[in-house]
Amino acid sequence: MSNVRVRFAPSPTGFFHIGSARTALFNWLYARHTGGTFVLRIEDTDKERNTDEALKVLLDGMKWMGMDWDEGPDVGGPYGPYFQSQRQPIYDEYLKKLEDAGRTYEKDGAIWFKLEGERYTAYDDYLKAEIEKVKAEPVIIDDAVRGRVERAEEKDFVLVRKDGSPVFHFVNVVDDIAMGITHVIRGEDHLSNTSKHVELFKAFGVEPPKFAHIPLILKEEGSGKMSKRDKGALIEEYESRGFLAAAVRNYISLLGWNPKDEREKMDIGEIIELFDFPGINKGNSRFDEKKLSALNAEYLRELNIESFSFLARPLLNEAGVVNEEVDEDYLQAVLTLCQPKARSLDTLSELCGYFFLEDYSMDEKTGGKIAKKTDPKELLSEVLPILQSIEKFDAESLKTALETHAEDNNQKVFAYFPALRYATSGQGGGPDLLPMLAVMGRERVINRIQRFIG
RNA sequence: CUCCCGUUCGUCUAGCCCGGUCUAGGACACCUGGUUUUCAUCCAGGCAACAGGGGUUCGAAUCCCCUACGGGAGGCCA
């Protein structure tokens with residue numbers, strides 16, 4: 001095991017945001033790539049929002065994506081506790097170090113961090129107030145993604161609030177020191193704050209970890225980064241919509257990282273092997289659900305029919321298309337026809353609902369088109385006796401029988417197809433017609449045709 | 001208002017560090033054609049980008065500067 005120690009430090013908010021998921025994923029990938037340790041640390045300082053339910057959403061999301069953690073909730077570890085709410089003694093201890101070093105002072109009931117440098121008073125246009133500023137030495141960050149970044153803090157900042165609770169910047173740095181974190185991989189939104197963090201590391205006399213600030217995920221349309229209200233922003237949404245975890249994970253890993261060749265669809269082992277900082281992009285990337293869907297469809301087609309059915313059944317059930325009584329053999333026969341055309345599991349019910357339900361809707365456009373050219377009722381009356389009397393109701397026999405009939409009537413066999421499809425499914429398109437009829441079975445097909453003829 | 005980061009087809013990106021092999025490659029989307037009874041599959045083809053301006057150089061997508069645009073941060077939020 002290498003000495004790399006990375007961490008994902010989410011705040012449980014009740015949902016698992018795609019940006020957080022990717023930060024977690026990149027940390028996890030880096031840990032697995034290097035043989036290091038992946039730490040999960042819960043920043044649960046906001047008592048209002050931090051319910052057990054919120055934590056569960058987060059942990060479930062991590063697990064669904066296939067990420068495991070070497071230290072953290074449920075598994076423990078030598079650097080615990082892994083909940084910030086339980087680490088107060090550690091924060092007290094580290095605060096004392098800063099106090100002893102003369103790097104803190106009290107103001108308005110809060111404890112502030114004191115920057116080093118010449119002090120002056122100036123009007124701050126952002127705070128809209130006259131405040132004390134500091135000419136501090138710029139901090140130099142050697143970022144694994146961005147290279148050298150230089151930035152100077154110019155204002156002291158709060159470490160501990162009036163109510164005694166420590167702020168994010170402080171606990172984050174303390175925990176990273178206490179937990180021996182070697183690489184901090186996080187979103188670019190933290191880059192500007194990194195100068196604060198480095199000031200703290202220096203004040204503690206500790207060498208800062210290696211930083212890697214990854215680009216942000218921008219919303220599909222409009223401006224700004226993905227926010228929880230945007231479509232596709234929540235991991236649990238993909239889970240409930242029947243997206244495959246492997247596909248989502250593959251897609252997200254490609255947002256801001258790539259293997260430098262033309263590979264896109266990669267299994268997780270391959271991604272772990274290839275993942276490293278040089279492959280991470282600097283520019284933000286825009287979320288594209290179409291591309292995710294395309295990748296998901298590729299994964300879907302690879303599934304064997306048993307797995308496909310296993311995943312599809314609950315969603316079809318939820319859509320009211322199948323129930324527990326639907327025979328697994330019949331379900332699999334139907335899905336075998338539909339799988340190659342499926343792009344996601346959640347649209348499957350529209351694709352194949354008519355195999356199960358008698359009140360399938362009739363597509364009027366298709367109906368009109370067919371009626372314009374032929375008389376579908378008449379055509380169906382012609383072939384109905386054949387369907388009733390044919391010995392074996394399979395695709396091959398149907399083909400032979402219908403072709404013979406067509407020839408006898410000086411017709412092309414295809415003349416009957418649109419009407420047959422329309423009467424039995426209400427659709428203009430779908431799987432190959434004859435296998436479709438065979439799967440539906442004689443009884444169902446005949447009933448539907450009789451009902452159609454009226 | 002200040003600071004930080006970024007900018008290659010509509011989108012994700014390769015190429016950039018180490019200038020010539022780039023008439024800029026791939027994928028998704030889109031369009032056309034093929035296959036198919038049909039279609040949401042499949043196959044083939046096509047459309048489409050170096051943000052702008054200056055400089056360095058024999059030569060710049062690649063190096064430097066400026067501008068524009070995009071993103072982020074500046075909180076007793078995380």
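Any idea which of (1) in contact with a helix residue (DSSP H, G or I) (Cβ under 6 Å, 6 or more places away or on another chain); (2) without any contact (Cβ under 8 Å) to a residue 24 or more places away in the chain is the one A:Glu328 doesn't satisfy?
It is condition (1) that A:Glu328 fails.
In the set A:Phe204, A:Phe170, which member is under 21 Å from A:Ile42 (Cα atoms) and not β-branched (Val, Ile, Thr)?
Only one candidate passes the filter, namely A:Phe170.
Going by the structure shown, is A:Pro209 free of Cβ contacts under 8 Å to residues at least 40 places away in the same chain, surrounded by 19 or more Cβ atoms within 10 Å (Cβ to Cβ) and in contact with an Asp or Glu (Cβ under 7 Å, 6 or more places away or on another chain)?
Answer is yes for this residue.
Can you name the residue in the stretch A:417-454 that is open to solvent by less than 40 Å² (accessible area, probe 1.4 Å) and charged (D, E, K, R) and is also nearest to the chain's Cα centre (by Cα) among such residues?
A:Arg421
Are any residues in the stretch A:285-307 part of a loop (DSSP other than H, G, I, E, B) and out of contact with any Lys or Arg (no Cβ under 7 Å at 6 or more places or on another chain), and if so, which ones? I'd like the intermediate steps shown before the answer.
Of all residues in the stretch A:285-307, those part of a loop (DSSP other than H, G, I, E, B) come to A:287-288, A:303-304.
Selection gives A:Asp288, A:Leu303, A:Asn304.
So which residues in the stretch A:112-130 are over 40 Å from the mean Cα position of the chain (by Cα) and either outside any strand (DSSP E or B) or closer than 30 Å to A:Ile185 by Cα (or both), if there are any at all? Full working, then the answer.
Within the stretch A:112-130, the first condition is being over 40 Å from the mean Cα position of the chain (by Cα), and the residues that meet it are A:114-124, A:128-130.
Residues satisfying the conditions are A:Lys114, A:Leu115, A:Glu116, A:Gly117, A:Lys128.
Mind listing just one residue for me: the one in the stretch A:138-166 that is under 16 Å from A:Leu115 (Cα atoms) and open to solvent by less than 50 Å² (accessible area, probe 1.4 Å) and, of those, nearest to RNA strand B (Cβ to nearest atom)?
A:Val158
With the condition kept exactly as written, say whether any residue in the stretch A:227-244 is of a type in the set (A, V, I, L, M, F, W, C), surrounded by fewer than 17 Cβ atoms within 10 Å (Cβ to Cβ) and closer than 21 Å to A:Arg7 by Cα.
no
Can you list the strands (runs of 3 or more DSSP E) found entirely within the stretch A:131-206 that contain at least 2 residues being in the same structural domain as A:Asn284 (by TED's automatic domain parsing) and not charged (D, E, K, R)?
Numbers: elements: A:139-143, A:147-151, A:157-160, A:183-187.
Strands (runs of 3 or more DSSP E) meeting the threshold: A:183-187.
Does the stretch A:176-204 hold any residues that are more than 18 Å from A:Arg151 (Cβ to Cβ) and either aliphatic (A, V, I, L, M) or at pLDDT below 95 (or both), and which are they?
Hits for the stretch A:176-204 are A:Ile177, A:Ala178, A:Met179, A:Ile181, A:Ile185.
Select the helices (runs of 4 or more DSSP H) contained entirely in the stretch A:308-406, then report the ones holding at least 3 residues which are loosely packed, with under 15 Cβ neighbours inside 10 Å and within 13 Å of RNA strand B (Cβ to nearest atom).
It comes to A:364-373.
Within the stretch A:425-453, can you find the residues that are within 15 Å of RNA strand B (Cβ to nearest atom) and not in a loop (DSSP other than H, G, I, E, B)?
A:Ser425, A:Leu433, A:Leu434, A:Pro435, A:Met436, A:Leu437, A:Ala438, A:Val439, A:Met440, A:Val445, listed by residue number.
The values are calculated or read from the model by the stated rules, or taken from the named source; none is laboratory data. Remember, it's a predicted structure, so these values are computed and weren't measured experimentally. Quick reminder, even Gly has a Cβ in these numbers, built from the backbone with ideal geometry, and neighbours come from all protein chains shown. We work out accessible area using only protein heavy atoms, side chains counted, and drop any ligands, DNA or RNA first. Shrake-Rupley method; radii C 1.70, N 1.55, O 1.52, S 1.80 Å.
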